[in-house]
Amino acid sequence: MDSTKGIAFTEEEEALVVKSWASMKKNAGELGLKLFLKVFEIAPTAKKMFSFLRDSDVPVEKNPKLKTHAMTVFIMTCESAVQLRKAGKVTVRESSLKRLGSTHLTYGVADEHFEVVRYALMETIREAVPEMWSPEMKAAWGTAYDQLVAAIKDQMKVASQAS
Ligand code: HEM
């Protein structure tokens, strides 16, 4: 299954993602946290999915594991943009993609969650680089995220059929 084949992602689109990421990178931890605080504001029940939030007395905004997940979302979306331009598809290592599929299936991540994170990601970037933000930049990050999520969802389907 591969719903991410043959996407035309231009050099300009890639450049928009890479340029804004270069400017956000130094604050990646803080921005990642902001991203997930937005997610939990919109969808408070999403907190329950994260085992390390459930089993911890540390306040959400101080949880290092949440920071790590949030940064991963950012970094992988940026990498997805680079790959889309080079290969026309998302090429996360097969084994990582498989694991991503089964983890997100196991923890009950649904379409709505991916939507909320998409919205919060756009808001976070818009607030982080207001001087660069444009409809084109939003579309470029949006495509990179959507294609990555499509690849994860394909693997979630594979994992659900295997169990
Ligand atoms: C582009 C989108 C996303 C990426 C790249 C991503 C990436 C990851 C990675 C790398 C892990 C670590 C485990 C593994 O490697 O399988 C993970 C775990 C997890 N992700 Fe995501 N994720 C994404 C979206 C989401 C969304 C939308 C949610 C729900 C709001 C979510 C919830 C979780 C949960 C609950 C875990 C397990 C955490 C635990 O150990 O308790 N993820 N994700």
Quick one: in segment 9-48, which of the residues that are surrounded by fewer than 19 Cβ atoms within 10 Å (Cβ to Cβ), assigned to a helix (DSSP H, G or I) and among the polar types (S, T, N, Q) is nearest to the ligand (Cβ to nearest atom)?
-> THR45
Would a scan of segment 104-112 turn up a residue that is within 26 Å of LYS26 (Cβ to Cβ), hydrophobic (A, V, I, L, M, F, W, C) and within 16 Å of the chain's Cα centre (by Cα)?
-> no
Return a yes/no flag: does segment 47-57 have any residue that is within 23 Å of LYS157 (Cβ to Cβ), out of contact with any strand residue (DSSP E or B) (no Cβ under 9 Å at 6 or more places or on another chain) and in contact (Cβ under 8 Å) with a residue 60 or more places away in the chain.
-> yes
When you go through (1) farther than 20 Å from SER20 by Cβ; (2) among the hydrophobic types (A, V, I, L, M, F, W, C); (3) modelled with pLDDT of 90 or more one by one for MET122, which number turns out not to apply?
-> (1)
If we keep just the residues of segment 49-63 that are part of a loop (DSSP other than H, G, I, E, B) and touching a Leu at 6+ places or on another chain (Cβ under 9 Å), which is farthest from the ligand (Cβ to nearest atom)?
-> ASN63
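Quick check on LEU66: is it surrounded by 12 or more Cβ atoms within 10 Å (Cβ to Cβ) and within 13 Å of the ligand (Cβ to nearest atom)?
Details: surrounded by 12 or more Cβ atoms within 10 Å (Cβ to Cβ): yes; within 13 Å of the ligand (Cβ to nearest atom): yes.
The answer is yes for LEU66.
The values are calculated or read from the model by the stated rules, or taken from the named source; none is laboratory data. A quick note: this is a predicted structure, and the numbers were derived from the prediction, not measured. Cβ: placed from backbone, ideal geometry, glycine included. Neighbour counts: every protein chain shown.
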